[in-house]
Amino acid sequence: MLLALDIGNTNVVLALYEGDRQMGLWRFVSDVNLAETAYQKLLTDSIGDAVASVDGVIIASVVPGLTPLLQSLAQRLFACRAMVIGNADVDLGIKINIEQPEQAGADRLVNAVGVRASYSLPAIILDFGTATTLDLIAADGSYEGGIIAPGVNLSIDALERAAAQLPRLEVRPWANELPILGKNTISAMESGVFWGYVSMIEGLLTRLRSQYGKSLPAIATGGLASLFATHVPSITVVDPDLTMRGLLEIYARNNSTNETDA
């Protein structure tokens with residue numbers, strides 16, 4: 001069985017696969033201050049008896065402080081060397097056409113692989129995570145670059161920290177009927193967050209399509225994708241499993257190569 005881990009700035013998401021079939025999906029908070037023994041308990045509590053059946057691990061991480069810790073746990077718990085996105089020996093099968101390819105986030109490259117495997121190209125990937133990112137994937141599957149904006153929760157955190165009189169705003173599903181003009185502090189903040197992000201996404205998608213192709217599909221993923229996608233008609237589809245599918249594709253590609261070499 002394969003254990004796939006997506007280590008993000010907010011959450012660690014892990015999925016267990018038997019072949020192409022997902023057997024389970026879990027998430028817990030990313031915390032570089034958490035001891036290795038605590039992460040071990042989180043892993044074993046999540047996957048339970050399947051610990052004995054895991055014989056492969058693949059990791060995509062944007063948190064350098066957690067990567068070696070999870071690699072060490074893979075070796076200890078499953079007696080296998082984790083495949084880590086970004087390592088020279090891991091072939092993604094795509095070109096990275098930016099000035100400094102090593103700066104591309106592992107999760108964004110994995111998403112590119114997932115989109116190439118599942119959708120018509122070229123395409124835009126819109127990821128609602130700690131940051132809100134948009135990436136362009138070319139017709140041949142190459143990663144062409146992207147846009148990084150503060151995520152919804154980061155913006156709310158910044159408002160709370162910088163403005164002493166503003167209350168903490170909770171992220172929640174908002175209705176299309178939410179007034180653009182707030183009549184109190186909370187409704188004014190909700191309008192800024194909700195309509196502000198809807199407008200930003202619509203504007204960025206419009207600009208990307210005007211330059212790279214008006215018919216480009218936009219595939220949304222990430223924890224908050226479903227919260228906003230219903231309000232942005234220019235989003236083509238929401239795919240919450242995109243990153244995990246990309247990890248599965250990369251593992252299969254490299255595992256096949258390793259078996260051939262052996």
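The values are calculated or read from the model by the stated rules, or taken from the named source; none is laboratory data. Please read these numbers as outputs of a predicted model, since none were measured by experiment. Cβ atoms come from the backbone with ideal geometry, glycine included; neighbour counts cover every protein chain shown. Side chains are part of the model used for accessible areas, which takes the heavy atoms of the whole protein and leaves out ligands, DNA and RNA. Shrake-Rupley method; radii C 1.70, N 1.55, O 1.52, S 1.80 Å.
Each peptide among 158-168, 68-78 gets the average number of other Cβ atoms lying within 10 Å of its residues, and from highest to lowest they stand as 68-78, 158-168. Seen from residue 168, the other residues with C-beta closer than 14 Å to its C-beta sum to a net charge of -2, counting Lys and Arg as +1 and Asp and Glu as -1. The length gained on full extension between residue 171 and residue 38, counted as 0.36 nm times the residue separation minus their Cα-Cα distance, comes to 45.0 nm. Projecting label points 7 angstrom from Cα along Cα→Cβ for residue 29 and residue 180 puts them 3.8 nm apart.
Within the shell defined by Cβ-Cβ distances under 12 Å, the residues around residue 105 carry a net charge of -4, with Lys and Arg each +1 and Asp and Glu each -1. Where both bridge residues fall in the chain, DSSP classifies roughly 65% of the beta bridges as antiparallel. Within segment 1-79, DSSP assigns beta bridges of which about 70% are antiparallel (rounded to the nearest 5). Each peptide among 90-96, 11-17 gets the average number of other Cβ atoms lying within 10 Å of its residues, and from highest to lowest they stand as 11-17, 90-96. Spatial offset of segment 168-200 relative to segment 203-262 amounts to 27 Å, using the alpha carbon center of each. The long axis of helix 185-212 is offset from the longest Cα principal axis of the chain by roughly 70 degrees. For the listed peptides 45-58, 27-40, a ranking on the average number of other beta carbons within 10 Å per residue, highest first, reads 45-58, 27-40. Think of each Lys and Arg Cβ as +1 and each Asp and Glu Cβ as -1; about the Cα centre, that makes the dipole of the chain roughly 580 debye.
Counting only protein heavy atoms and a probe of 1.4 Å, the accessible surface of segment 107-262 is 54% carbon and sulfur.
Per residue, segment 33-171 exposes 48 Å² of accessible surface when a 1.4 Å probe is rolled over the protein heavy atoms with every protein chain present. For segment 1-102, carbon and sulfur atoms together expose 48% of the accessible surface, with a 1.4 angstrom probe and every protein chain in place. Other residues within the sphere of radius under 15 Å centred on the Cβ of residue 26, judged by their own Cβ, net out at -2 (K and R +1, D and E -1).
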